[in-house]
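Structure, as structure tokens:
The values are calculated or read from the model by the stated rules, or taken from the named source; none is laboratory data. Worth saying up front: this structure is predicted, and the values here are computed from it rather than measured. Using ideal geometry, Cβ is built from the backbone for each residue, glycine included, and neighbour counts are taken over all protein chains shown. Surface accessibility is based on the protein's heavy atoms, side chains included, excluding ligands, DNA and RNA. Shrake-Rupley method; radii C 1.70, N 1.55, O 1.52, S 1.80 Å.
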Amino acid sequence: IVEPELDLAFLLGAITSRDQTPVIEAEVKYERFRRLELVCDLEGIELGPEKELCSEWVLAMLSETPRTAQKKYYELWAKAMNARAPKPVTGWCTWYYYFNKITLAQFEDNLKNAKELNPKIELFQLDDGYERAVGDWLDWNDKFPISPKELAEEIHARGFKAGIWLAPFLASISSELYKNHPEWTLKNQDGWSVIGMLNPMWEGKIAFALDATHPEFQQWLKELIEHLVKDCKFDFLKLDFLYAGALPR
């Protein structure tokens, strides 16, 4: 949030999420904030008479440099939650040049020449653009006439670790996943599916949030990940839009 008159950025966020799910809610009218709240969902925790319960730790700060504030937030959250330090990996990803316009021919051309152009590359990752619709991760579009397993084998044959992009808690309105299992979507209090993302680049444009507590969806997701990792041999999964798995009803 940037206030142009003060030239300051305001950051609000929870730096812990141990027992409760923090959710930020904002109401904007006439380009001004009418309401800005951080609510901690108790996730069914029962509080007895005369008992007290603290919320998760919250950070609120003003900064002249939004990126610096964001970096500070991530550092504090990582420290408070004992986040694991990732091992640095040098990789190539389709997204930052091709975005979702990537084709198999372009992917294979880059794969063929990657070692010569940059011998430090260890990981080769296919990003958004291969799937027929978000949610149908094994059903690829006409730009990718190849199976996930075959693509991973091509990457491995060139001496790289294989990576692929997923948005596991979203399903496009045009996906087979949504058409076959609308009951897996998160529902609001009126029984409507909760919209998790609006993206004009995606087939159907509207993507619903999937209910992470639904046992059938949990089993489907478990089998999908096992298939990609164990059967197709992908070494790296780029998991995107994970907030959708924590959206409120």
Consider Asn82 against the criteria (1) within 21 Å of the chain's Cα centre (by Cα); (2) among the polar types (S, T, N, Q); (3) surrounded by 10 or more Cβ atoms within 10 Å (Cβ to Cβ): it satisfies all of them except one. Which criterion is unmet? (3)
Boolean, Ala207 is touching a Leu at 6+ places or on another chain (Cβ under 8 Å) and either among the small types (Gly, Ala, Ser) or touching a residue at least 60 places away in the same chain (Cβ under 8 Å) (or both): yes
Exactly one condition in (1) closer than 27 Å to Gly245 by Cβ; (2) at pLDDT 90 or above; (3) of a type in the set (A, V, I, L, M, F, W, C); (4) open to solvent by less than 60 Å² (accessible area, probe 1.4 Å) is not met by Val23; state its number. (2)
Filter segment 48-61 down to residues that are open to solvent by 60 Å² or more (accessible area, probe 1.4 Å) and either over 27 Å from the mean Cα position of the chain (by Cα) or free of Cβ contacts under 8 Å to residues at least 12 places away in the same chain (or both), then give me how many there are. 6
Step by step: first the residues of segment 112-136, then only those that are surrounded by 18 or more Cβ atoms within 10 Å (Cβ to Cβ) and closer than 14 Å to Ala152 by Cα, then the one that is nearest to the chain's Cα centre (by Cα). Which residue is that? Asp127
Selection status of Phe144, open to solvent by 20 Å² or more (accessible area, probe 1.4 Å) and aromatic (Phe, Trp, Tyr): no
Got a number for residues in segment 14-44 being touching a residue at least 12 places away in the same chain (Cβ under 8 Å) and either touching a His at 6+ places or on another chain (Cβ under 8 Å) or among the hydroxyl-bearing types (Ser, Thr, Tyr) (or both)? 3
Scan segment 75-105 for residues that are closer than 30 Å to Trp57 by Cβ and not in a loop (DSSP other than H, G, I, E, B) and jot them down. Glu75, Leu76, Trp77, Ala78, Lys79, Ala80
Say whether the condition of being open to solvent by 50 Å² or more (accessible area, probe 1.4 Å), over 20 Å from Leu138 (Cβ atoms) and part of a helix (DSSP H, G or I) is met by at least one residue in segment 195-205. no
Restricting the search to segment 29-46, which residues are open to solvent by 90 Å² or more (accessible area, probe 1.4 Å) and either farther than 21 Å from Ala244 by Cα or touching a helix residue (DSSP H, G or I) at 6+ places or on another chain (Cβ under 6 Å) (or both)? Lys29, Tyr30, Glu31, Arg32, Phe33, Arg34, Glu46
Mind checking whether some residue in segment 161-174 is over 19 Å from Asn100 (Cα atoms) and surrounded by fewer than 20 Cβ atoms within 10 Å (Cβ to Cβ)? yes
When residues of segment 229-249 are limited to those that are within 17 Å of the chain's Cα centre (by Cα) and in a helix (DSSP H, G or I), the one modelled with the lowest pLDDT: Ala246
